[in-house]
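The values are calculated or read from the model by the stated rules, or taken from the named source; none is laboratory data. The structure presented is a predicted model; accordingly, all values stated were derived computationally and were not measured. Note: ideal-geometry Cβ built from the backbone for every residue, glycine included; neighbour counts use all protein chains shown. Keep in mind that these areas ignore ligands, DNA and RNA; they rest on the heavy atoms of the full protein, side chains included. Shrake-Rupley method; radii C 1.70, N 1.55, O 1.52, S 1.80 Å.
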Amino acid sequence: RMQNSRSKPCSCPSLKLREVASMYFTMVAAFLVILVVALQGSAPRESDFPYKVPLDPQGLLELSWNVSYPEQAVHFQLLIRELQFGLLFGMSDRGEFENADLAVLWSDGHNSYFGDAWSDAEGQLHMDSQQDYQLLGARRAPEGLYLLFRRAFSTCDPKDYLIEDGTVHLIYGILEKPVHSLQAINISALHGGLQRVQLLKPNISIPELPSDMKTMEITAPDVVIPSQETTYWCYMAELPAGFPKHHIIMYEPVVTAGNEALVHHMEVFQCAAEFDSFPHYNGPCDSKMKPERLNYCRHVLAAWAMGAQAFYYPEEAGLAFGGPGSSRYLRLEIHYHNPLVFKGRRDSSGIRLYYTATLRPYDAGIMELGLVYTPVMAVPPGEDNFTLTGYCTDKCTQLALPAAGIRIFASQLHTHLAGRKVVTVLSRDGRERQVVNADGHYSPHFQEIRMLKEVVAVFPGDELITTCTYNTEDRSRATVGGFGILEEMCVNYVHYYPQTQLELCKSAVDPGYLHRYFNLVNRFNDEEICMCPQVSVPQQFYSIPWNTFNRDVLKSLYGFAPISVHCNKSSAVRFQGEWEKQPLPSITQRLPEPVPRCPPAPGPQPAAPVPLNLGRLRRD
């Protein structure tokens, strides 16, 4: 491993630093040449790198990885199908090439080098003084060049990205011309892009599957992918007549070969049981030809996003479908991401459900946490970090959950385009106990159902608090809550068992208090904001002049005003009780911020690249 070949400080006065560096390079180069040769014919086994994702839309760069929790490190394998003069691979906060943490392979046409680098706010590259991307090997194969390297989750190097649970924005750039030094690489001229993945997959043992398991594929029927960047495609499928109750126990993606880089995410929804039939449809979800009734197919059965593996239910629970009170109609939705605008590509991707007639002890349920879809919750324009919080209160869980509680085993976070972070915390007796799910680099373009590292037990009287952080720096008017893509949501769909009647446990600020806020703004404002009852809440928000006072008062209103709680049964009917003007839950003790673990510091090491013997590189 590379970390064993660090140069040691030398006390011999006769050896100059340059000679030491030269010896170091010779040793490393010899070691690498041996490594490259040793790896020549031995393709790493697929099982060594269980997770895989194409980085670019053409599939020329393929990333595979594994996660070692004991080592607190990720091992990467990068397949470069058509190597030109090198590439950049790395991570940044939201997929920018500025302030990024990078592993760089570059060549001057004769010699090749690998190094750990970082980019500054102007996009200029610098060699990192602490080399934390550790090269483990390079190997040529008929399909391309394999690079193997390792990176610790946390390096405690201020120039490095901290790899955490949740979404990671990976970036790549292809070097199409020889470069004579790292500093000579011009990031803005690169052919590059970004890919979002969950790097730190949970280390979950796969449950045993029953012998009577059957499969059903819900797939698009040979669709011609439209030649535009973004398409949401809807296809209606139906279960056989008289299909009895079964449990879905796992599902996995079925992606048409060659389209791995175009199929961005897929979901299967079950339609509402109150309608006897649904029209057949196969076309874009935003088409005027789409029947209105398809909007009543919103109950998620399965959701997959690029880079996700098969999803398994815990062995004591399954997701019920079929049987009385369950619709036979299903809607498949596929998001195609086609930035290179390929024409005429055909696709039959979808999701394969694995199900059993031998019902497990518990039905799994899905519960919505967070904020009610209402315009009373709003984010002012020009905010870089504005938070809104939705509460599932102790009063609601006390009433709706069984005495033995429920077990949350998976979660899907959801906001619209301004969402940047989402976290749900479990609180008991006023003290935060556990994070249910958190994504500090959340992207609305990457929403998958994630299995939790550990099951979270929720008991009657517990509170589930969901906070979303928004960025509206590119907007000139307030962003209100609602269903539109330019309106906002803050939701965590938690998957749990045993299923209860509680389907939705959310909140919003009390409308009366918001009305007082509008009155207050009016008093301090030169131009009258019409407070007449016929003016809608969004219109009132749109007419506010967003000075510091109006922003701060709204922020504090959301932090102290009573809330309206939606403690709802499946039928959208609230549980019996008083749910208006409820006090905000008080939190007396917060969870401590997690402290990154630093790996043991290596000995002194030169901030220098590792030479590789890849032969002469040339343009294809």
Scan the stretch 89-108 residue by residue and report those that are part of a strand (DSSP E or B) and touching a helix residue (DSSP H, G or I) at 6+ places or on another chain (Cβ under 8 Å).
Val104, Trp106
Checked the stretch 554-581 for anything within 19 Å of His515 (Cβ to Cβ) and not charged (D, E, K, R); matches are Leu554, Ser556, Leu557, Tyr558, Gly559, Phe560, Ala561, Pro562, Ile563, Ser564, Val565, Trp579
Does the stretch 155-163 contain at least one residue that is open to solvent by 10 Å² or more (accessible area, probe 1.4 Å), in contact with a Leu (Cβ under 7 Å, 6 or more places away or on another chain) and more than 21 Å from Ala608 (Cα to Cα)?
no
Confirm whether Arg81 is basic (Lys, Arg), touching a helix residue (DSSP H, G or I) at 6+ places or on another chain (Cβ under 8 Å) and open to solvent by 40 Å² or more (accessible area, probe 1.4 Å).
no
Selection count, the stretch 259-281, where residues are touching a residue at least 60 places away in the same chain (Cβ under 8 Å) and assigned to a loop (DSSP other than H, G, I, E, B)
5
Of all residues in the stretch 196-218, which are charged (D, E, K, R) and either part of a strand (DSSP E or B) or open to solvent by 60 Å² or more (accessible area, probe 1.4 Å) (or both)?
Arg196, Glu208, Lys214, Glu217
Considering only residues that are part of a strand (DSSP E or B), surrounded by fewer than 20 Cβ atoms within 10 Å (Cβ to Cβ) and hydrophobic (A, V, I, L, M, F, W, C), which ones fall in the stretch 356-378?
Ile366
For the stretch 124-143, which positions are of a type outside the set (Ser, Thr, Tyr) and open to solvent by less than 10 Å² (accessible area, probe 1.4 Å)?
Leu125, Asp128, Leu135, Gly137, Ala138, Arg139
Would you be able to tell me the number of residues in the stretch 390-405 that are within 12 Å of Gln501 (Cα to Cα) and open to solvent by less than 30 Å² (accessible area, probe 1.4 Å)?
4
List the number of the failed condition for Leu199; all other conditions in (1) farther than 28 Å from Ala73 by Cα; (2) modelled with pLDDT of 95 or more hold.
(1)
Identify, from the list His445, His441, the residue that is under 19 Å from the mean Cα position of the chain (by Cα), modelled with pLDDT of 95 or more and more than 21 Å from Gly559 (Cα to Cα).
His441
Go through the stretch 462-488 residue by residue and tally those that are of a type outside the set (Gly, Ala, Ser) and modelled with pLDDT under 95.
4
Kindly establish whether Leu182 is closer than 21 Å to Gly115 by Cβ and in contact (Cβ under 8 Å) with a residue 12 or more places away in the chain.
yes
Need pairs with beta-carbon distance below 6 Å; first residue assigned to a loop (DSSP other than H, G, I, E, B) and within the stretch 109-138, second crowded, with 21+ Cβ neighbours inside 10 Å and of a type in the set (S, T, N, Q); sequence gap 6+ or separate chains.
Asp132/Thr155
Which of the residues belonging to the stretch 224-236 are closer than 10 Å to Arg346 by Cβ and surrounded by fewer than 21 Cβ atoms within 10 Å (Cβ to Cβ)?
Val224
Counting just the residues of the stretch 438-464 that are touching an Asp or Glu at 6+ places or on another chain (Cβ under 8 Å) and part of a strand (DSSP E or B), which one comes out nearest to Gln499 (Cα to Cα)?
Glu463
Do we find a residue being of a type in the set (Ser, Thr, Tyr) and over 28 Å from Val537 (Cα atoms) anywhere in the stretch 373-389?
no
